[in-house]
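Below is one structure, written out as structure tokens; the observations come after it.
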Amino acid sequence: MTEPKQQTATSAAHPVAGDTPPGVGDGAPNGTGTRWERLRPVLGRLALAAASGVVLFLAFAPRPLWWLAPFAFAGFGLALHGRRLWGAAGYGLVFGLTFNLLHLLWIEDFLGAEFGPGPWLALSGVMALYVAVAAAFMPLAGRLPAAPVWLAVVFLLQEYARSRWPANGFPWGRVGFSQPEGAYTPLAAIGGAPLVGFAVLTSGFGLAWLIVRLRRDGATPWTGLAPAAACALVPPLAGLALWPAVGTGAEAGSRTVAVVQGNAPNAGIGLLGERETIRAGALAESDRLATGIDRGEVPRPDLVVWPETTVDVVGGRDADVTAAVDELGVPTLVGSLYRTDDGKTDNAVVAWRPGEGPGERYTKQELVPFSEYVPMRQIAAWFTPFVGNTRDMRWGGEPGVFDIAGTRVGTAICYEAAYDYPSRDAADAGARMIVLPTNNAWFGDGEMTYQQLAMARLRAVEHGRAVVVAATSGVSAVVRPDGTVAQQTEMYTADSLVADVPLRETTTLADRFGPWTERVMLGAGVCAVLAGLVLRRRAVQTTGRVG
């Protein structure tokens, strides 16, 4: 066995998630003792990992408990402390599975009635595997000085990977999306969602490091605690210091924007046969809005926004939509299933102008796998109802920007809110505000729509732009450039919003840095793992044992 002096050195070198020799940390010394004595620490760590996953879930919308997120990672860091590769991977799997099962429960509202829990369990399991792999590498990063910083970038490696593969990835549930408000939020204007996630992770692992130092050394001099305290406290303090720099005022005037929420039945997958119901609801609510405008009950907007895939537009024309826009007398961005004469289908936003009809359109760039396109169709047919006679939609390839209502408007569609580049590309192309049409009527009255609204709020700060969310069944909202919500609707109600939206031109640092913030963190995470491997090899050569 390793001598006590060497145990202390190992613990100091690996303050949060470093390797510990056998018999240290879990179980009885030298592997002796009853089975319960050996099993009890393992069960305690499993419980801590699961509880930390629950705490992370509670940090996400619709709960305004953003401050729980660093505590979740503090608990996760303590569960990983002293573990080796397979132990860390196991605790990471428990943490990731607990979080994702809760965070993605809305999938049951969509598919549960027809398909049971299979899709929800499968997706949650895949997401948890990513966390497990990242956790397996974290003992290596825990060997480095300022370990919480390196643990954070290693954890972000799995967010980067799962946002891109397989099937173009699934970026839902990224750590940064837990922060639509609070101390960390202003950091989005510097480095977007990746930097916000990094700050939360560093704080959490820093707190775990601080707890480990206090438990091990007791009344440690401040110089010994200062690095851990800095990791825990500097990120939120930096965010608070940046709050005054988050701009909200109109720099290029303002526009009055109306949102049409036509509503649909809360039928989950049953909405597959209800396209006409969704269309009729939007047309009826548009008519009510036009009546209110004519009567002077609401101000006349400069722009109207309809939700995603509200209507089917065949051959580029739709007489009912043209009539509705003419009645409004206002340029309208219409979410459409746009079917061309050659049989292709786009998930598109179409600019519809009174007296002119449909014009330019933006085609969604990030399609939802197994819904808007189906990879591996023969296998997918076992799990998804969307195979049948469906055809894959076409992928867009251009930023979503419109010159409409006397200004430049950017757009991203639904699922694209979870990806960094669509809104960023629109802002870089000169958008002064951003609209986000979405069709979340499929997903019941659970948390999906609030999770998506939280993403929109973070994007508002990231790009320094107001964001207008137009949802089929709610929650539709008008978000100010600082991420606060000016107006919002209730779920499963037909309603409209009319609000003045500030137009802004300032380019945030997040937009200037673009994808390089995440790329730098990706490189740092890889370097941390490689450096940890080098240190581990040296330790083996010096001591003759793995530890």
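All of the numbers you see were taken from the coordinates with simple rules; none came from a lab. Since this is a predicted model, take the numbers as computed values, not measurements. Counting neighbours? That spans all protein chains shown, and the Cβs are built from the backbone with ideal geometry, glycine included.
For Val234 and Arg512, the FRET efficiency from 1/(1 + (r/R0)^6), where r spans their Cβ atoms and R0 equals 22 Å, is about 0.45.
Residues Trp36, Trp395, Trp172, Trp209, arranged from fewest to most other Cβ atoms within 10 angstrom of their Cβ, appear as Trp36, Trp395, Trp172, Trp209. The equivalent ellipsoid that matches the C-alpha gyration tensor of the chain spans semi-axes of 48, 25, 19 angstrom, in descending order. Peptide packing: for 492-499, 161-168, 476-483, 324-331, the average count of neighbouring Cβ atoms within 10 Å per residue gives the ranking 476-483, 324-331, 492-499, 161-168, highest mean first.
Starting from the coordinates of the alpha-carbon atoms of segment 254-513, obtain the Kirkwood hydrodynamic radius over all distinct pairs and give the value in Å to one decimal.
Numbers: mean 1/r = 0.0550 Å⁻¹.
About 18.2 Å for segment 254-513.
Any chance you could check the Cα centroid distance between segment 120-158 and segment 321-358 for me, in angstrom? If you average the Cα positions of each part, the centres end up 45 Å apart.
Look at Lys344, Lys364 and count the other Cβ atoms within 10 Å of each Cβ; fewest to most, that gives Lys344, Lys364. Restrict the search to segment 294-339; then list the trypsin sites (Lys or Arg not before Pro) that DSSP places in a loop and that have at most 13 other Cβ atoms within 10 Å of their Cβ. Of the trypsin sites (Lys or Arg not before Pro), the ones in loops of segment 294-339 whose Cβ has at most 13 other Cβ atoms within 10 Å are Arg295. With the highest mean first, a sort of the peptides 402-409, 271-278 on other beta-carbon atoms found within 10 angstrom per residue produces 402-409, 271-278.
As a footprinting exposure proxy, order Leu237, Leu187, Leu522 by other Cβ within 10 Å, with the fewest listed first.
Neighbour counts put them in this order, fewest first: Leu237, Leu522, Leu187.
Spacing of the modelled spin labels on Asn266 and Asp500, each 7 Å from Cα toward Cβ, amounts to 3.6 nm. Mean residue ellipticity, 222 nm, helices only, the chain: the sum of -39500 (n - 2.57) across DSSP H runs of n ≥ 4, divided by residue count and rounded to 500, is -15500 deg cm²/dmol.
In segment 419-492, which GluC sites (Glu not before Pro) fall in coil by DSSP and have 16 or fewer other Cβ atoms within 10 Å? Mind showing how you got there, number by number?
Details: sites: Glu447, Glu462, Glu490; in loops: Glu447, Glu490.
Qualifying residues, ordered by number: Glu490.
Summing Lys and Arg as +1 and Asp and Glu as -1 over all other residues whose Cβ lies under 11 Å from the Cβ of Asp425 gives a net charge of -4.
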